[in-house]
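Structure, as structure tokens:
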Amino acid sequence: MKNKILFAVLLALSLSSCSEDFLDIAPETSLTSATFYKTETHFEQALTASYEPMRTLVYDGIFMDEMRSDNSFYTYYAGDRGPYLYNEVIALFLEDETNQHVSSRYNACYVGISRVNTILSKIENADLEDGKKNEIIAEALFLRAYYYYDLVLHYGGVPIHLEEVTTADEAFLPRSSAADVHIQIAKDLEEAMPNLPVANTFPQSGRTTRGAAKMLLAYNYMSQPEEDYEKAETHLKDIMGMSYSLLDNYSDVFDPAFENSKESIFEVQYKDGDAGQQNDYVWRFIPKCDNTEFLMGVKGNNYAYTSGGWNVPTQEMIDSYEDGDLRLDASIAVVEGVQNGDNFIAEAVTNVSSFTPSDGKDFHYFINKYYHPPYEKEFNTGSNWPVFRYSDALLLLSECIVEQNRNDDALPYINEVRKRAGLPDLSNVTLEDVIRERRHELAFENHRWTDLIRTGKAIEVMNENGDLMKSLYGFVLPIAFNVTQEKLIYPIPYRELQINELLEQNPGY
């Protein structure tokens, strides 16, 4: 055996001595940063990779944006006390800087920023036609703005990296103020917009457009420390003049057959299969049950691993819908069956609007708008996630106009949304009306928590919701739901504080 090993080593040395390129570490078929960023195809591939962290933001947002709000809660399950406690503490306002979702989201944003900064640094010297180069730059700037907007919304002021990091010293920057982050977001988007395409054919490709940039910019202006509603209104009205419109049926918006439709301004793309482009969030929304095949068409154990029973619509949320609102059944369904301790056997799925509990049966609510069985493989679905929709733009414009005390001018936009929902027109509109309409139109799309913050309602609404949760569930600790100004943003992750001594933690953590 020793002689065989020695022979192999000598053979390798003799072969390598015949080449003058023995010290060339990378084989000719491999790609490095020095050889990759050369062609249009290279930059297109790099842009595609820069979208990928958005999938992490969707998943973490389920807990950090939706379950953090009064829209949903979770089903108590004893087995979750260990492996999934980090999910529960966010809903209870008990998370700390070690929370897995808090760290994952922060990291995903900077992964995306790092990728687009590399694109922006490499493209200056690339041999590309100017028009194409400008399109790539614009798309990269939108993505950078998107990630920084997510960061400032959830963590406050953060370090602003605008260049490719090539040394250790460049990797560690102090925090900038939230105001400065918002300024940078606006700068990137204003520069990007002229070179972004305008959506006029549907279904769209899934890539960003000028409409998406205007939507993000409007949100940015309305969320910054000193709101600029006038600028936000201008961009939102520009969207009204584009090719977007509402689909006839609310439920169609979430049907995979209508992805990237005329109502879609921007959505995170997924695809069924084994290539890592799928999602599993529907499996997390259905209740934990023994017979998932009844609900999904294929069996999978959602008691553990891809655990179910999360982001469960609350009874208060269901009761908050107006009579006749077509969005209720499209958004929420109910599973009836038999509960035996922690185990549940599903027997029927019904509409929530007409549901009356059967004697001797148990039931669980779940999010219906993404539920399109039967599925072919466990924990594997390909439905896109909506980020910006035309109805969102209509309601954001209504909010923007109301905030400028021109309430009557907001009526056409909110009433257009209400009409599709089967509801009568409002004769006058207040900020409370808009907030309520957004709650139902955008339910379970990761908007509710940040909507409450932007409109100044988060502390009041969530403390009241906390009192309700404590009255309903004995497992909710007395210290939970202590919602203060400090809890409107999340802590800077512990790891970041350890590796970057220039960072300071947010107050209250």
For this session: Name the residue, out of GLU227, GLU190, that is not polar (S, T, N, Q), not assigned by TED's automatic domain parsing to the domain that holds VAL116 and not in a loop (DSSP other than H, G, I, E, B).
Result: GLU190
For this session: Could you check ASP274 against (1) without any contact (Cβ under 8 Å) to a residue 60 or more places away in the chain; (2) closer than 22 Å to ASN384 by Cα and say which number it fails?
Result: (1)
For this session: Working carefully through the options LEU411, LEU426, LEU431, find the one that is within 20 Å of ASN220 (Cβ to Cβ) and either at pLDDT 95 or above or buried (at least 22 other Cβ atoms within 10 Å of the Cβ) (or both).
Result: LEU431
For this session: Might you check whether a residue that is of a type in the set (Asp, Glu), in the same structural domain as LYS214 (by TED's automatic domain parsing) and farther than 27 Å from ASP274 by Cβ occurs anywhere in region 357-378?
Result: no
Exercise. Counting only residues that are part of a helix (DSSP H, G or I) and among the aliphatic types (A, V, I, L, M), which one in region 113-137 is surrounded by the fewest Cβ atoms within 10 Å (Cβ to Cβ)?
Worked result: LEU120
Exercise. For the subset of region 283-340 comprising residues that are in contact with a strand residue (DSSP E or B) (Cβ under 8 Å, 6 or more places away or on another chain) and acidic (Asp, Glu), which member is surrounded by the most Cβ atoms within 10 Å (Cβ to Cβ)?
Worked result: ASP329
Problem set entry | Residue within region 245-254 that is in contact (Cβ under 8 Å) with a residue 12 or more places away in the chain, surrounded by fewer than 18 Cβ atoms within 10 Å (Cβ to Cβ), hydroxyl-bearing (Ser, Thr, Tyr) and assigned to a helix (DSSP H, G or I) present | yes
Exercise. Has region 138-146 got at least one residue that is crowded, with 17+ Cβ neighbours inside 10 Å, at pLDDT 95 or above and assigned to a loop (DSSP other than H, G, I, E, B)?
Worked result: no
For this session: Identify, by number, the condition in (1) under 20 Å from PHE254 (Cβ atoms); (2) touching a residue at least 60 places away in the same chain (Cβ under 8 Å) that GLY300 doesn't meet.
Result: (1)
Exercise. Is it the case that ALA168 is out of contact with any Phe, Trp or Tyr (no Cβ under 6 Å at 6 or more places or on another chain), surrounded by fewer than 17 Cβ atoms within 10 Å (Cβ to Cβ) and touching a residue at least 40 places away in the same chain (Cβ under 8 Å)?
Worked result: no
For this session: Kindly indicate which of GLU88, GLU97, GLU44 is in a loop (DSSP other than H, G, I, E, B), at pLDDT 95 or above and in the same structural domain as HIS154 (by TED's automatic domain parsing).
Result: GLU97
For this session: Using the structure shown, decide if TYR371 is part of a loop (DSSP other than H, G, I, E, B), at pLDDT 95 or above and of a type outside the set (Asp, Glu).
Result: yes
Exercise. Taking LYS377, is it surrounded by fewer than 20 Cβ atoms within 10 Å (Cβ to Cβ), touching a helix residue (DSSP H, G or I) at 6+ places or on another chain (Cβ under 8 Å) and of a type outside the set (Val, Ile, Thr)?
Worked result: no
Problem set entry | 2 or more residues surrounded by 19 or more Cβ atoms within 10 Å (Cβ to Cβ): qualifying helices (runs of 4 or more DSSP H) within region 445-509 | 448-454, 458-472
Exercise. Any idea which of (1) at pLDDT 95 or above; (2) of a type in the set (S, T, N, Q); (3) touching a Phe, Trp or Tyr at 6+ places or on another chain (Cβ under 6 Å); (4) farther than 30 Å from ARG418 by Cβ is the one THR292 doesn't satisfy?
Worked result: (3)
For this session: Considering only region 421-448, state which residues are out of contact with any Gly (no Cβ under 8 Å at 6 or more places or on another chain) and over 30 Å from ASP150 (Cα atoms).
Result: PRO424, ASP425, LEU426, SER427, ASN428
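The values are calculated or read from the model by the stated rules, or taken from the named source; none is laboratory data. Everything quoted here is computed from the prediction, not taken from an experiment. Cβ coordinates were reconstructed from backbone atoms using ideal geometry, including for glycine residues, and neighbour counts include every protein chain displayed.
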